[in-house]
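First comes the structure, then the notes that go with it.
The values are calculated or read from the model by the stated rules, or taken from the named source; none is laboratory data. Remember, predicted model here, so these are calculated numbers, not experimental data. Remember, those area values only see protein heavy atoms, side chains included, never the ligands or the DNA or RNA. Shrake-Rupley method; radii C 1.70, N 1.55, O 1.52, S 1.80 Å.
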Amino acid sequence: MTPLTTHPQISFAQLGVRDEIVRALAEKGIEHAFAIQELTLPMAMAGDDLIGQARTGMGKTFAFGVPLLHRITTGADTRPLNGTPRALVVVPTRELCLQVFDDLKDASKYLQADGRKLSVVSIYGGRPYEPQIEALQKGADVIVGTPGRLLDLAQQGHLQLGGLSVLVLDEADEMLDLGFLPDIERILKLTPDNRQSMLFSATMPGPIITLARTFMNQPTHIRAESPQSSATHDTTEQFVYRAHALDKVEMVARILQAEGRGATMVFTRTKRTAQKVADELAERGFKVGAVHGDLGQIAREKALKAFRTGDVDVLVATDVAARGIDIDDITHVINYQIPEDEQAYVHRIGRTGRAGKTGIAITLVDWDELDRWSMIDKALKLECPDPAETYSSSPHLYAELGIPTDATGTVGAARKPKQAAKSDGGTRISSADSNRERSGRTRSRRRTRGGEGATGHVEKSAENVGETQADGEATEPAAASGDASPARKRRRRRRPRNTAEAGATAG
């Protein structure tokens with residue numbers, strides 16, 4: 001295993017990458033390789049199997065994408081490119097599929113295959129089969145796809161994987177979490193044994209190591225940073241506060257007015273809470289979108305596009321829906337509800353402080369989340385088991401996060417959340433959000449900044465507060481949602497049986 005903690009400034013041209021790829025990347029403002037790219041490219045371009053381990057935002061896409069495009073167009077494989085898939089990239093989510101597809105398409109814009117432009121095709125669920133089948137029939141040199149739809153098309157005979165030269169599994173640990181490992185194994189059986197294989201993952205749990213040993217040939221393991229650096233995110237300043245359930249939206253509204261705040265992601269554990277928070281922030285005038293499992297694929301794509309283009313600068317998302325979102329300019333991550341475990345926490349705060357930039361991660365811990373937070377804190381050695389009791393009016397919240405003292409809970413006229421209808425023509429969503437809730441209770445806590453323990457200001461707590469559970473979803477108390485009284489029963493009106501009775505009734 002090769003550790004690395006610095007990012008040498010070496011260009012893609014110096015690494016021997018084809019001029020056409022170097023030119024395309026330069027047009028996107030990408031000239032120098034990140035750490036994992038600098039280590040990965042020489043071996044990957046030589047055809048070696050490898051495992052790349054680095055958290056999100058470290059440049060993994062071009063670490064496998066550049067050598068993949070280089071190898072299938074430089075004669076390393078003597079077979080000509082005839083439209084039969086020569087390279088396959090398997091990703092866990094539709095959002096990541098589209099992002100990897102866009103990156104490879106941009107990098108390959110000047111590459112030719114027998115007098116035609118190199119073809120890159122995306123294959124994922126939530127969209128009709130016909131356009132994807134038609135794209136495969138026209139010819140696809142490189143395919144980026146999600147496991148379920150890839151397997152469907154392969155079993156139907158529309159996707160031929162017997163001619164692959166390069167296979168990539170991206171975000172392998174997330175595919176494991178989403179239960180895709182059996183599908184991955186079925187896809188691997190359809191590929192030739194003499195292919196080059198690359199696996200990229202932020203973490204390396206046991207099943208992923210077993211999978212790598214099964215389908216890879218003496219892979220080299222490259223780690224782009226130390227395990228401790230990967231866990232604590234050295235470029236991200238972390239704040240943890242103990243927060244009241246009824247005050248969380250108000251706190252988020254204040255945080256969103258912090259100086260220097262740019263694109264921001266707000267994480268929840270459940271779909272219902274994600275939509276509720278997005279609606280409330282929109283009512284307060286913020287430009288906000290939502291991404292969660294109850295939205296159809298078209299709605300999710302629209303929300304992500306609006307977030308990337310800046311039409312909205314706040315995106316509220318669940319863990320499952322947010323997987324694969326790869327945007328470098330996020331300045332703040334807010335954990336409205338804490339995640340299920342430490343790995344999810346690492347993935348969440350990894351959305352900021354990317355590509356050499358700095359970021360801020362803020363976690364709001366409710367009273368019934370303290371036990372779970374203690375486990376996350378202990379696993380990651382954050383040394384902050386006791387977050388400071390904090391409210392939207394707490395002076396230390398304003399001082400630490402750079403919030404103007406005159407900030408209020410609204411910023412303008414109410415807006416509608418940037419999203420489409422709840423479903424897109426009945427499109428089935430293959431991934432589901434986890435609805436499990438754990439409860440716990442403990443006493444006063446303190447906060448941390450950047451992983452260092454510190455004693456925080458303690459204020460008087462409110463009474464009779466907390467979230468309630470209903471059908472496995474975390475919801476705010478009725479008073480918070482405006483639903484304080486039960487619905488009245490409707491009075492049923494008896495319809496007259498005949499004309500005579502109708503006349504008597506009318507009289």
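Annotations
- When both the range 365-408 and the range 106-178 are represented by their alpha-carbon centers, they are found 44 Å apart.
- Ranking Asp386, Asp170, Asp311 from most to least accessible surface, computed with a 1.4 Å probe over the protein chains only, gives Asp311, Asp386, Asp170.
- Entries in Lys271/Lys381; Lys60/Lys276; Lys287/Lys378; Lys117/Lys189; Lys189/Lys271; Lys248/Lys287 that, when Cα-Cα distance is taken, lie over 26 Å: Lys271/Lys381; Lys60/Lys276; Lys287/Lys378; Lys117/Lys189; Lys189/Lys271
- Order of exposure, largest accessible area first, which applies to Lys109, Lys189, Lys381 with probe 1.4 Å: Lys189, Lys381, Lys109
- Cα gyration tensor shape of the range 56-136, rounded if a/c is under 1.5, else prolate or oblate by comparing a/b with b/c: oblate
- Nearest-10 value in Å² for the accessible area of Leu153, using the 1.4 Å probe: 0
- Sequence of Phe215, Phe64 from largest to smallest accessible area, 1.4 Å probe: Phe215, Phe64
- Solvent exposure of the range 326-420 amounts to 37 Å² per residue of accessible area, where only protein heavy atoms count and the probe is 1.4 Å.
- Solvent accessible area, Å² - Phe34, 1.4 Å probe, full protein context: 70
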